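Participant: The following block contains the structure, expressed as structure tokens.
The values are calculated or read from the model by the stated rules, or taken from the named source; none is laboratory data. These figures come from a predicted structure and were not determined experimentally. In this analysis, Cβ positions are derived from the backbone assuming ideal geometry, glycine residues included, and neighbour counts consider all displayed protein chains. Please note that ligands, DNA and RNA were not included when accessible areas were found on the heavy atoms of the full protein model with its side chains. Shrake-Rupley method; radii C 1.70, N 1.55, O 1.52, S 1.80 Å.
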Amino acid sequence: MANAEWLNKDFYAVLGVAKDATSADIKKAYRKLARENHPDSNPGDTAKHDRFKKVAEAYDVVGDAAKRKEYDEMRAAGPAFGGFPSGGQGGGFDLSDLFGGGRGGAGQPGSGGMGDVFGDLFGQTGGRRTTGRARPTKGADAETTATIGFTDALDGVTISLRLSSDSACPTCSGSGGKPGTRPHICTECEGAGFVSGRQGGAFAMTETCPACGGRQLVYDEPCPTCQGSGRGRSDRSVQARIPAGVKDGQRIRLKGKGAKGENGGPHGDLYVTVKVSSHRLFGRKGDNLTLEVPVSFDEAALGAEIKIPTIGGAPVTLKIPAGTPNGRTFRVRGRGGRKADGTNGDLLATVEVQVPARLGTEAREALEAYREAVGETTLRANLFEKA
């Protein structure tokens, strides 16, 4: 399947060869130009970088027998359809309209032209070949688990984490070659970083070159540490801020704290699963804190004012009304955990009426007098009622 952009490009002129040049002559010219203009050999030279892209694009077409045949046929038929080679100054039918390469409308990215369809199949974006240096790649995400204290979870805390992650080999700095040796252009992909293969006979699919891993260069002597992979393991420490109000088992995303990117790409992210230690007195219920408050029988029966603790503040006074049953929960507003909006939840204090295990003589006599004063109890009468 040919590309509409081929109409207006003279790939033979780009490579400096004649239209009837042999495949060997084309290959020889490409290798010479690729070596002269390769980005790794000319850092910072934008002109040569662009030249390398054009050379790689030209060789990808005329260096492939099937593509070259299609290219020659399309170029030969171009004038008959109008618009060739200057872009269609006339009223003839323009093949670029068919392929989504016309002026505006269908030729624009995302317009739905045929170029969008064929561009995907040929490994292109917006109808243009993506060649040259490997694209920046985001680093891998990392995961770890951190245990923090109960109060730290309420207030937020900065912790230090020791991470081990995949990174560039420290011996060869990710090149994959033995230090001191010089690379040469990969012969498998001819320095493109990817190779093309036919799928179903008609469509060409591109994939990362298996020989150079997309690095475009190869070394005859691989790095002894990474065996040519360019990858290694690194240990490092990162400072991670755990936000206030984090809950036990919550997964926190820390942007940019993961593994280092490649070819200038951004760092990956770090995901921290937080484990929160239990507290001797307090518990959590959503954004609220919970507290079990022991009270005596007489305090529950007669009523009382008692002091209860809070986290991060002074004790508060809790009023126990007369006749308070066991298990009743009182709400102390604003003394709970931190919410996402910056406000605090509440403190839920649950009364636990304590029954003395032993009674002194006077206490027993007092309770017996109480029993006689209230008379026969009817608390369990409903347990024996017939349905």
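Participant: Restricted to the range 188-211, and to residues that are under 26 Å from the mean Cα position of the chain (by Cα) and open to solvent by less than 20 Å² (accessible area, probe 1.4 Å), which residue is modelled with the lowest pLDDT? Reasoning before the result, please.
Facilitator: Let us first name the residues in the range 188-211 that are under 26 Å from the mean Cα position of the chain (by Cα), namely 193-194, 206-210.
Still in the list and also open to solvent by less than 20 Å² (accessible area, probe 1.4 Å): 193, 209.
Working: Gly193: 76, Cys209: 83.
Only one residue tops the list, namely Gly193.
Participant: Which of the residues that make up the range 265-312 are among the aliphatic types (A, V, I, L, M), open to solvent by less than 50 Å² (accessible area, probe 1.4 Å) and either within 30 Å of Ala142 (Cα to Cα) or not in a strand (DSSP E or B) (or both)?
Facilitator: Taking the range 265-312 first, the residues among the aliphatic types (A, V, I, L, M) are 270, 272, 274, 276, 281, 289, 291, 293, 295, 300-302, 304, 306, 308, 311.
Still in the running and open to solvent by less than 50 Å² (accessible area, probe 1.4 Å): 270, 272, 274, 276, 289, 291, 293, 295, 300-301, 304, 306, 308, 311.
Answer for the range 265-312, where residues must be among the aliphatic types (A, V, I, L, M), open to solvent by less than 50 Å² (accessible area, probe 1.4 Å) and either within 30 Å of Ala142 (Cα to Cα) or not in a strand (DSSP E or B) (or both): Leu270, Val272, Val274, Val276, Ala300, Ala301, Ile311.
Participant: Among the residues of the range 338-348, is there at least one that is outside any loop (DSSP other than H, G, I, E, B), modelled with pLDDT of 95 or more and open to solvent by less than 70 Å² (accessible area, probe 1.4 Å)?
Facilitator: Looking through the range 338-348, at least one residue is outside any loop (DSSP other than H, G, I, E, B), modelled with pLDDT of 95 or more and open to solvent by less than 70 Å² (accessible area, probe 1.4 Å).
Participant: Are any residues in the range 320-335 assigned to a loop (DSSP other than H, G, I, E, B) and closer than 30 Å to Asp155 by Cβ, and if so, which ones? Even if it seems obvious, please write down each step before you answer.
Facilitator: In the first step, residues of the range 320-335 are kept if they are assigned to a loop (DSSP other than H, G, I, E, B); the result is 321-328, 333-335.
Selection gives Arg328, Arg333, Gly334, Arg335.
Participant: Which of the residues that make up the range 8-27 are part of a helix (DSSP H, G or I), under 14 Å from Asp64 (Cα atoms) and open to solvent by 60 Å² or more (accessible area, probe 1.4 Å)?
Facilitator: Matches in the range 8-27: Ser23, Ala24, Asp25, Lys27.
Participant: Same structure, new question: Tally time: how many residues in the range 38-66 are assigned to a helix (DSSP H, G or I), at pLDDT below 85 and open to solvent by less than 30 Å² (accessible area, probe 1.4 Å)?
Facilitator: Adding up the residues that qualify gives 0.
Participant: May I pose another question? Quick check, is Asp120 surrounded by 19 or more Cβ atoms within 10 Å (Cβ to Cβ) and modelled with pLDDT under 50?
Facilitator: On the way: surrounded by 19 or more Cβ atoms within 10 Å (Cβ to Cβ): no; modelled with pLDDT under 50: yes.
Taking the combined requirement at face value, the residue does not satisfy it.
Participant: May I pose another question? Residues being closer than 24 Å to Asp341 by Cα and polar (S, T, N, Q): count how many of those fall in the range 262-276.
Facilitator: Going through the range 262-276 one residue at a time, the tally reaches 1.
Participant: Here's something else I'd like to know. I'd like the residue in the range 313-337 that is charged (D, E, K, R) and closer than 30 Å to Ala363 by Cα and, out of all such residues, is surrounded by the most Cβ atoms within 10 Å (Cβ to Cβ).
Facilitator: So in the range 313-337, the residues charged (D, E, K, R) come out as 319, 328, 331, 333, 335.
With the extra rule that they be closer than 30 Å to Ala363 by Cα, the set shrinks to 319, 328.
Working: Lys319: 10, Arg328: 17.
Residue satisfying both the conditions and the ranking: Arg328.
Participant: Next question. Does any residue in the range 214-232 that is free of Cβ contacts under 8 Å to residues at least 12 places away in the same chain and farther than 20 Å from Ala192 by Cβ come within less than 9 Å, Cβ to Cβ, of a residue that is part of a loop (DSSP other than H, G, I, E, B) and open to solvent by less than 20 Å² (accessible area, probe 1.4 Å) six or more places away or on a different chain, and which pairs are these?
Facilitator: The qualifying pairs are Gln227/Gly176.
Participant: Related question: Taking only the range 222-256 into account, find how many residues are open to solvent by 70 Å² or more (accessible area, probe 1.4 Å), at pLDDT 85 or above and assigned to a loop (DSSP other than H, G, I, E, B).
Facilitator: Selection size over the range 222-256: 5.
Participant: Do we find a residue being within 23 Å of Phe150 (Cα to Cα), open to solvent by 70 Å² or more (accessible area, probe 1.4 Å) and either among the acidic types (Asp, Glu) or in contact with a Ser or Thr (Cβ under 7 Å, 6 or more places away or on another chain) (or both) anywhere in the range 355-378?
Facilitator: In the first step, residues of the range 355-378 are kept if they are within 23 Å of Phe150 (Cα to Cα); the result is none.
The answer is no, given that none of the residues of the range 355-378 is within 23 Å of Phe150 (Cα to Cα), open to solvent by 70 Å² or more (accessible area, probe 1.4 Å) and either among the acidic types (Asp, Glu) or in contact with a Ser or Thr (Cβ under 7 Å, 6 or more places away or on another chain) (or both).
Let's see how each residue does on (1) open to solvent by 20 Å² or more (accessible area, probe 1.4 Å); (2) out of contact with any Gly (no Cβ under 7 Å at 6 or more places or on another chain); (3) modelled with pLDDT of 75 or more; (4) of a type in the set (Val, Ile, Thr):
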{"position": "Glu143", "(1), (2), (3), (4)": "yes, yes, yes, no"}
{"position": "Ile148", "(1), (2), (3), (4)": "no, yes, yes, yes"}
{"position": "Ala153", "(1), (2), (3), (4)": "no, yes, yes, no"}
{"position": "Gly156", "(1), (2), (3), (4)": "no, yes, yes, no"}
{"position": "Cys172", "(1), (2), (3), (4)": "no, no, yes, no"}
{"position": "Gly177", "(1), (2), (3), (4)": "no, yes, yes, no"}
{"position": "Cys186", "(1), (2), (3), (4)": "no, yes, yes, no"}
